[in-house]
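Before any comments, here is the structure.
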Amino acid sequence: MKLAIIGLSNSGKTTIFNALTGQNLETTIYPTVSGEPHFGVVKVPDQRVDALAGIYKPKKVTHATVEYVDYIGLTKGDIEQNRKVFDLIKDVDAIVHVVRAFEDESVSHPMNEINPLKDIGTVELELIFGDLEFVEKRLARMEEGSRRGKKPDEKERKLLLKCREALEKEVPLRNVAFDEEEEKAMRPLQFISTKPQVVVMNVGEGDLGTEKTTKLQEEVKGYLSGKDKDPSLPVRHATVSLCGKIEMEIAQLSPEEARAFLDDLGISEPALNKLIRVSYDLLGLISFLTVGEDEVKAWTLTKGTGAQKAAGKIHSDIERGFIRAEVVHYGDFIACGNMHAAREKGLLRLEGKTYEVKDGDIINFRFNV
């Protein structure tokens, strides 16, 4: 899973990036309009992997991972500047939109006021304008080719016109219904307003867990839900509230010190855990597990995927030569203590290629190539 951290300048993007990745990049009190993007890969916390590693004592333990990308802030009305960000996030699975909700006179705000809903609307419009510019250019190239005698792809042209109509009404494409054929045609176009988004409210330390923050989060949910969304579509946004400054400090501590700090502040879990869990839910992702003396590993998969396709996550040969999947759920395995006991109790099952893999399934694939 690859997530891009975006937002207006001085919203706390890099602070959140540091909190998530444990890095210690410099944070500034003024807008940054240049520099290189930053990348960080983090392990997905999973107690199941740790418990299985304790049982199997494998040579290698591999958690699922998430890659985060952080770059310069978006600037209202500056398409040229914003395109640098858009080009970077076209291939991500979702965006993490950091919104400033903290007061600090020493940190300037690009629009001179702390107004989270206004900031969310501003960033949303920039994503929409970025897609609209792309659509206009593509339609213009089609028109130019038509004048030279090149017949345009009518299906794509019709799709682009549909997108333009929505974008001109300032509706993000994630809130527009497309049929299966249209969605397939859209994938290589890499629109940015289609991306699912997690809106992170970056609040001040004194606002953590307060009624003020709860109310703000509800207002944000209402704003995102009511943004001209087709009611037939699944929800493609989520909201999280945290204090980036505190979370960055926690990320620099040892696990023991971090736990004590979290307890003192009344925070149940660090930002890393919370954001990953919310992102998995938003994208409809689950993890299945493979175990053995060589390796215990978690594999990320889209909910609803069949066993044969899941086998392809490990290797294409296993998918191609799929015979059966030996499956036991993690909870059943732990209750039994080992595979032999799980088999004796009938909890270790043989499943075919259409079996829908569940979160926490421990699977051994039988195959022949």
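The values are calculated or read from the model by the stated rules, or taken from the named source; none is laboratory data. In this text the structure is predicted, and so the values were computed from the model without any measurement. Please note: Cβ atoms are built from the backbone with ideal geometry, for glycine as well, and neighbour counts cover all protein chains shown.
Find all pairs meeting these conditions: Cβ atoms under 7 angstrom apart; at least six residues apart or on different chains; first residue within region 87-110 and over 19 Å from Leu242 (Cα atoms) and touching a residue at least 60 places away in the same chain (Cβ under 8 Å); second residue among the hydrophobic types (A, V, I, L, M, F, W, C) and surrounded by fewer than 17 Cβ atoms within 10 Å (Cβ to Cβ).
Ser106/Ile29; Ser108/Ile29
Anything in region 103-124 that is part of a loop (DSSP other than H, G, I, E, B) and at pLDDT 90 or above? List them, or say none.
Asn115
Among the residues of region 32-64, write down those that are in contact (Cβ under 8 Å) with a residue 60 or more places away in the chain, within 28 Å of Thr15 (Cβ to Cβ) and out of contact with any Pro (no Cβ under 8 Å at 6 or more places or on another chain).
Selection gives Val42, Val44, Pro45, Asp46, Ala64.
Which pairs turn up if I take residues in region 265-278 that are in contact (Cβ under 8 Å) with a residue 12 or more places away in the chain and look for partners that are in a loop (DSSP other than H, G, I, E, B) and surrounded by fewer than 18 Cβ atoms within 10 Å (Cβ to Cβ) with beta carbon separation below 6 Å, at least 6 apart in sequence or on another chain?
Asn273/Pro45
Across region 125-153, what is the total count of residues that are touching a helix residue (DSSP H, G or I) at 6+ places or on another chain (Cβ under 9 Å) and either under 25 Å from Leu88 (Cβ atoms) or not in a helix (DSSP H, G or I) (or both)?
Within region 125-153, residues that are touching a helix residue (DSSP H, G or I) at 6+ places or on another chain (Cβ under 9 Å) and either under 25 Å from Leu88 (Cβ atoms) or not in a helix (DSSP H, G or I) (or both) number 17.
Okay, residues lined up against (1) outside the structural domain of Arg259 (by TED's automatic domain parsing); (2) surrounded by 18 or more Cβ atoms within 10 Å (Cβ to Cβ); (3) not hydrophobic (A, V, I, L, M, F, W, C):
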residue	(1), (2), (3)
Leu161	no, no, no
Ala185	no, no, no
Met201	no, yes, no
His237	no, yes, yes
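Condition first: among the charged types (D, E, K, R) and surrounded by 19 or more Cβ atoms within 10 Å (Cβ to Cβ). Now tell me which residues in region 187-199 satisfy that.
Lys195
Can you tell me how many residues in region 195-229 are in a loop (DSSP other than H, G, I, E, B) and without any contact (Cβ under 8 Å) to a residue 40 or more places away in the chain?
2
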